[in-house]
Amino acid sequence: MIQAMVGAQEAAAVTARRPLRFACRLLGHPSAALGFVILCVFGVLALSANLVAPFDPNEAHLLDRLSPPTWLSHGGSGYLLGTDQLGRDIFSRIVYGTRVSLLIGLLSVSISMIVGLALGTCAGFYRGWFDALVSRFADLLMAFPYLIFAIGMMAVIGPGFWNLVLALSFKGWVEFFRLVRGETLAQQCREYVEAARAMGASSGRIIGRHILPNIIHTSIVLATLRMGYFIVLEASLSYLGLGVPPRIPAWGSMVADGNEVLFSAWWVSTFPGLAIAALVLAVNLLGEGVREILDPRLRIG
Amino acid sequence: MPRAQEAMRGIVILRRVLATIPLMLGVAVVVFVIMRAIPGDPVDIIIGQGGTATQQELDLLRREFHLDRPLHEQLMLFLGDLSRGDLGLSFVKRRPVASILLEALPATIELAMASLFLSVLFGIPLGIYAAVRQSSLVDRISMAGAFLGISMPPFWLGIVAILLLSVRLGWFPTSGRVSLGVLLEPVTGFYLLDSVLTGNWAALWDVLRHLFLPALTLSVGIMAVVARVMRSSMIEVLRENYVTTARAKGLHERTVVLRHALRNALIPTITVVGLQMGVLLGGNMVVETVFGWPGMGRLVVAAIFSRDYPVIQGGVMLYTFIFVIVNLMVDVLYTYINPRVQL
C-alpha cells in the first residue's frame with residue numbers, strides 16, 4: 001500500500017511537470033503546430049478586431065453596395081474582400097465574426113466539459129440513484145440528433161449569444177459524462193484510490209485530488225476534438241437565422257446573406273465560409289495532435 | 001446449436017426493440033417540456049399573425065389546443081394523441097402536422113439515402129485502399145482530403161458546389177427536386193422510384209441531376225469519417241494472426257483483404273455510420289435549405305420563421321424517431337455481422 005501511495009505521489013509530480021512537456025511535444029507535432037498557429041492568428045484577430053478591421057463591421061456604405069474585392073480585375077476601391085448588399089466591408093465583418101465563433105465554441109465546450117466532469121465523476125463514484133437518474137437522462141438526450149435538438153431549442157428560446165451557448169451545451173455534456181463516468185468506474189478499483197480511502201481521505205478529496213487528475217486528459221482530448229464540431233453547429237444555426245442577433249456579425253449569417261446574391265456577388269458568402277472552414281480545420285488539426293500525444297488509443301470519430 | 005443461437009439472437013433483438021419504447025416516450029416528454037418553455041401563450045402567436053380576435057375566439061382556440069387544462073393533463077393528452085400518430089394542427093396551415101410532414105418525408109429520405117449511398121460507395125473502398133497501401137501517395141492525399149471534408153460546414157460546401165458546378169459550369173440545376181417542365185406521375189413520392197416504376201427515363205435523368213449535388217454536399221463529411229474509420233480498423237485487422245495465417249497459406253492478397261479481413265474491419269465502420277446518421281439528419285435540414293429541397297428540413301426551418309410551433313415540435317420528434325429507429329437497425333445488423341456481440 002505504501003508503494004501505491006508513493007506511486008500516486010509520483011504520478012502527481014508528473015502531472016505538475018506535464019504542461020511544459022506537453023507544450024513542447026505539441027509544437028514538435030507538425031500538423032498540431034500548424035493548427036495551433038492558425039488558431040493563434042484567429043485568436044489575435046478576435047482580440048484586436050477593432051485595430052485590424054479597416055471599417056466598423058456595421059457601417060453601411062450605400063454607394064459601394066456589392067463592391068467586388070480589390071484584387072479582382074473589376075475590383076472596387078478599398079474593400080479587401082468586397083462588400084455585401086448594404087455596402088458593409090466583408091473583411092471587417094469576418095474579423096469581428098471571429099469573436100462569435102471562437103467565444104461560443106470555447107464557452108460551450110468548456111461548459112459541456114465541466115458539467116460532464118462533475119456529473120460523471122459523481123455518478124461513477126457514488127453510483128446508486130444519482131447515477132441511474134443522470135445516466136437515463138443522458139441516454140434520452142443521446143437519442144436526439146445534435147443539430148436538430150439545437151434547432152428546436154433555439155426556435156423556442158429565441159436567438160441570442162447566451163441562448164446559443166445554452167442550446168449547444170444542453171446536450172454537449174452528455175458525451176463527456178459518459179466518458180468520465182466510465183473512466184471513474186475503472187479508476188475506482190485501482191489501488192491508489194483504495195490507499196487514499198484507507199488514509200481517511202474524504203470522498204470529495206478522492207474525486208478531486210486523486211481520480212480527476214488521472215482521467216482529465218481524456219476529457220481534454222474530447223474537448224479539442226469536439227470544439228470544431230461546436231463551431232460548425234454555431235455557424236449552421238447562424239446560417240438558419242437562429243444564431244446571435246443580426247447586428248452582431250457572425251460567419252454563418254454572413255454566408256446566409258450572400259445566398260441571396262450568389263449569382264451576382266459570389267464573394268459575399270464565399271469568404272465567411274472559408275473562414276469557418278479554416279478555423280474548424282485548425283481546431284481539428286490541433287485536436288488530432290492533442291489526441292496523439294495524450295491518448296493514442298482513444299477512438300473518437 | 002445454430003438453432004439455439006438463432007433463438008438467443010431473437011431474444012436479444014426483441015429486448016433491444018422493446019427498449020426503444022420507453023426511450024421514445026422519454027423523447028416525447030423532453031420535446032413537450034422544451035416546447036412549453038416558449039415565452040407567452042401560443043394562442044397569442046396565432047392571433048398575432050391573423051389579426052384581431054374576440055375573447056370568445058381566443059377561448060375557443062385555447063380549448064382547441066388544450067391550453068385551458070393543467071400542464072400534466074396537457075402532457076397526457078399530448079402523449080395520447082402521439083400514440084395515435086396525431087401531431088396536432090399547424091398554426092399556419094390549419095392542417096394536421098402529421099400529414100404535412102409525411103408529404104415531405106419521401107423527399108428527405110430520398111436525399112438521406114442517396115448521401116448515405118454515396119458516402120459508403122466512396123468511403124469504404126477509399127479506406128480499404130488507403131489501409132492496404134499505407135503511406136502511399138493515394139493514402140496521404142485521401143486522408144488529407146478526408147480531414148478537409150470533416151472540417152467544412154455543409155451549407156458552405158453546398159454554396160461552393162452551386163457556384164462552381166451549377167453557375168459556372170452549368171452541369172447541375174441549382175435547386176429543387178425536378179425541373180418544372182418534367183411531368184412525373186406520383187406513385188410513392190420517391191421520385192427516383194417513381195420515374196423507374198413509370199418507365200419515364202427522361203424524368204429519371206432529370207431527378208438524378210437534381211439529386212446529385214445536395215446528396216454529394218451532405219455526404220462529404222460522412223464519407224470522410226467512413227474512410228478514416230475504415231482505414232484505421234483495416235490496418236488493425238491486417239495485423240491479426242488469422243490474416244497472417246491466410247497470407248501464409250499462399251492466398252492472394254486481394255482474397256486476404258476482401259474475404260478475410262473486410263468483415264471484421266467493417267464492424268467499427270458500421271457503428272460509425274450509425275452514429276453519423278445523427279449528423280446526416282441534422283445536415284439534411286441545412287442542405288435542404290441551401291438547395292431548396294422540398295423536404296422536412298426546409299419545412300421545419302420555414303416553420304421556425306412563422307413560429308408554427310406544432311410543426312417544429314412534430315418535425316423534431318419525427319427526425320428523432322427516425323434516428324432512434326436507424327440506430328436500432330444498425331444494432332440489429334451488427335448481430336448478423338458480428339455473432340459475438342451481445343446487445
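The values are calculated or read from the model by the stated rules, or taken from the named source; none is laboratory data. For clarity, every value in this text was computed on a predicted model and none was experimentally measured. No Cβ is skipped: glycine too gets one built from the backbone with ideal geometry, and neighbour counts run over all protein chains shown.
Consider segment B:127-154 and keep the residues that are touching a helix residue (DSSP H, G or I) at 6+ places or on another chain (Cβ under 6 Å) and assigned to a loop (DSSP other than H, G, I, E, B). The one that is surrounded by the most Cβ atoms within 10 Å (Cβ to Cβ) is B:Pro153. For segment B:173-208, filtering for residues that are within 14 Å of chain A (Cβ to nearest Cβ) and of a type outside the set (S, T, N, Q) leaves 1.
Inspect all residues belonging to segment A:132-147 and state whether any of them is within 14 Å of another protein chain (Cβ to nearest Cβ), in contact with a Ser or Thr (Cβ under 9 Å, 6 or more places away or on another chain), assigned to a helix (DSSP H, G or I) and not hydroxyl-bearing (Ser, Thr, Tyr). Yes, segment A:132-147 contains at least one residue that is within 14 Å of another protein chain (Cβ to nearest Cβ), in contact with a Ser or Thr (Cβ under 9 Å, 6 or more places away or on another chain), assigned to a helix (DSSP H, G or I) and not hydroxyl-bearing (Ser, Thr, Tyr). The requirement of being modelled with pLDDT of 85 or more, at the interface with chain B (Cβ under 9 Å from one of its Cβ atoms) and either under 30 Å from A:His217 (Cα atoms) or over 18 Å from the mean Cα position of the chain (by Cα) (or both) is satisfied by A:Leu281. Residues in segment B:89-102 that are touching a helix residue (DSSP H, G or I) at 6+ places or on another chain (Cβ under 9 Å), surrounded by fewer than 20 Cβ atoms within 10 Å (Cβ to Cβ) and assigned to a loop (DSSP other than H, G, I, E, B): B:Val92, B:Lys93.
Among the residues of segment A:258-276 satisfying the criterion of being surrounded by 18 or more Cβ atoms within 10 Å (Cβ to Cβ) and assigned to a loop (DSSP other than H, G, I, E, B), which is farthest from the other protein chains (Cβ to nearest Cβ)? Only one residue fits best here, namely A:Ala265. Restricting A:Val255, A:Val232 to residues that are in contact with a Ser or Thr (Cβ under 6 Å, 6 or more places away or on another chain), part of a helix (DSSP H, G or I) and either at the interface with chain B (Cβ under 10 Å from one of its Cβ atoms) or surrounded by 19 or more Cβ atoms within 10 Å (Cβ to Cβ) (or both) narrows the list to A:Val255. Only a single criterion out of (1) of a type outside the set (S, T, N, Q); (2) surrounded by 15 or more Cβ atoms within 10 Å (Cβ to Cβ); (3) farther than 30 Å from A:Val261 by Cβ is not satisfied by B:Ala202, namely (2). Considering segment A:175-206, and only residues there that are acidic (Asp, Glu) and surrounded by 15 or more Cβ atoms within 10 Å (Cβ to Cβ), the residue that is nearest to A:Gly128 (Cα to Cα) turns out to be A:Glu183.
A search for C-beta distances below 6 Å between a residue of segment A:37-57 that is modelled with pLDDT of 80 or more and any residue that is surrounded by 13 or more Cβ atoms within 10 Å (Cβ to Cβ) and among the polar types (S, T, N, Q), counting only pairs 6+ apart in sequence or on different chains, returns A:Phe42/A:Thr98; A:Leu45/A:Thr98; A:Ala46/A:Thr98.
All conditions but one from (1) more than 10 Å from chain B (Cβ to nearest Cβ); (2) crowded, with 18+ Cβ neighbours inside 10 Å; (3) part of a helix (DSSP H, G or I); (4) in contact (Cβ under 8 Å) with a residue 60 or more places away in the chain apply to A:Ala150; the one that does not is (1). A single entry from B:Ala130, B:Ala114, B:Ala104 fulfils the requirement of being at pLDDT 85 or above, of a type outside the set (Asp, Glu) and within 16 Å of B:Phe212 (Cβ to Cβ): B:Ala114. Among the residues here, A:Ala223 qualifies as of a type in the set (A, V, I, L, M) and either more than 10 Å from chain B (Cβ to nearest Cβ) or closer than 17 Å to A:Gly82 by Cα (or both). For the residues B:Val311, B:Val279, the requirement of being at the interface with another protein chain (Cβ under 8 Å from one of its Cβ atoms) and among the β-branched types (Val, Ile, Thr) singles out B:Val279. When the criteria are applied in full, B:Leu238 meets the requirement of being more than 8 Å from chain A (Cβ to nearest Cβ) and not basic (Lys, Arg).
With the condition kept exactly as written, say whether any residue in segment B:248-266 is part of a helix (DSSP H, G or I), within 29 Å of the chain's Cα centre (by Cα), within 13 Å of chain A (Cβ to nearest Cβ) and surrounded by 18 or more Cβ atoms within 10 Å (Cβ to Cβ). Taking every residue of segment B:248-266 in turn, none turns out to be part of a helix (DSSP H, G or I), within 29 Å of the chain's Cα centre (by Cα), within 13 Å of chain A (Cβ to nearest Cβ) and surrounded by 18 or more Cβ atoms within 10 Å (Cβ to Cβ).
Can you tell which of A:Gly200, A:Gly208 is out of contact with any strand residue (DSSP E or B) (no Cβ under 6 Å at 6 or more places or on another chain) and part of a loop (DSSP other than H, G, I, E, B)? After applying the criteria, what remains is A:Gly200.
Yes/no per residue for (1) under 15 Å from the mean Cα position of the chain (by Cα); (2) surrounded by 18 or more Cβ atoms within 10 Å (Cβ to Cβ); (3) without any contact (Cβ under 8 Å) to a residue 60 or more places away in the chain:
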site: B:Glu240; (1), (2), (3): no, no, yes
site: B:Asn284; (1), (2), (3): yes, yes, no
site: B:Val300; (1), (2), (3): yes, yes, yes
site: B:Ser306; (1), (2), (3): no, no, no
site: B:Ile325; (1), (2), (3): yes, no, no
site: B:Ile337; (1), (2), (3): no, no, no
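When B:Val332 is tested against the conditions (1) surrounded by fewer than 20 Cβ atoms within 10 Å (Cβ to Cβ); (2) within 11 Å of chain A (Cβ to nearest Cβ); (3) of a type outside the set (Ser, Thr, Tyr); (4) farther than 18 Å from B:Ile124 by Cβ, the lone failure is (2). Looking at B:Ala227, is it in contact with a helix residue (DSSP H, G or I) (Cβ under 7 Å, 6 or more places away or on another chain), part of a helix (DSSP H, G or I) and within 23 Å of B:Met143 (Cβ to Cβ)? Spelling it out, B:Ala227 is indeed in contact with a helix residue (DSSP H, G or I) (Cβ under 7 Å, 6 or more places away or on another chain), part of a helix (DSSP H, G or I) and within 23 Å of B:Met143 (Cβ to Cβ). Looking across segment A:92-112 at every residue that is of a type in the set (A, V, I, L, M) and within 21 Å of A:Trp173 (Cα to Cα), the one that is farthest from the chain's Cα centre (by Cα) is identified as A:Val100.
Annotation: of all residues in segment B:27-37 being of a type in the set (Val, Ile, Thr) and in contact (Cβ under 8 Å) with a residue 24 or more places away in the chain, the one that is surrounded by the fewest Cβ atoms within 10 Å (Cβ to Cβ) is B:Val29. Taking the criterion of being touching a Phe, Trp or Tyr at 6+ places or on another chain (Cβ under 9 Å), part of a helix (DSSP H, G or I) and more than 8 Å from chain B (Cβ to nearest Cβ), the only residue of segment A:235-250 that qualifies is A:Ser238. Among the conditions (1) crowded, with 20+ Cβ neighbours inside 10 Å; (2) part of a helix (DSSP H, G or I), the only one that A:Trp162 does not satisfy is (1).
Taken as a whole, the condition of being closer than 30 Å to A:Pro145 by Cβ, at pLDDT 75 or above and assigned to a helix (DSSP H, G or I) applies to B:Gln74.
Cβ-Cβ contacts under 8 Å between residues 6 or more apart (or on different chains), taken from a first residue in segment B:9-26 that is over 14 Å from B:Thr320 (Cα atoms) to a second residue that is among the charged types (D, E, K, R) and part of a helix (DSSP H, G or I), are listed as B:Arg16/B:Asp331. For segment B:155-170, taking the residues that are assigned to a helix (DSSP H, G or I) and more than 9 Å from chain A (Cβ to nearest Cβ), the one that is nearest to B:Thr289 (Cα to Cα) is identified as B:Gly158.
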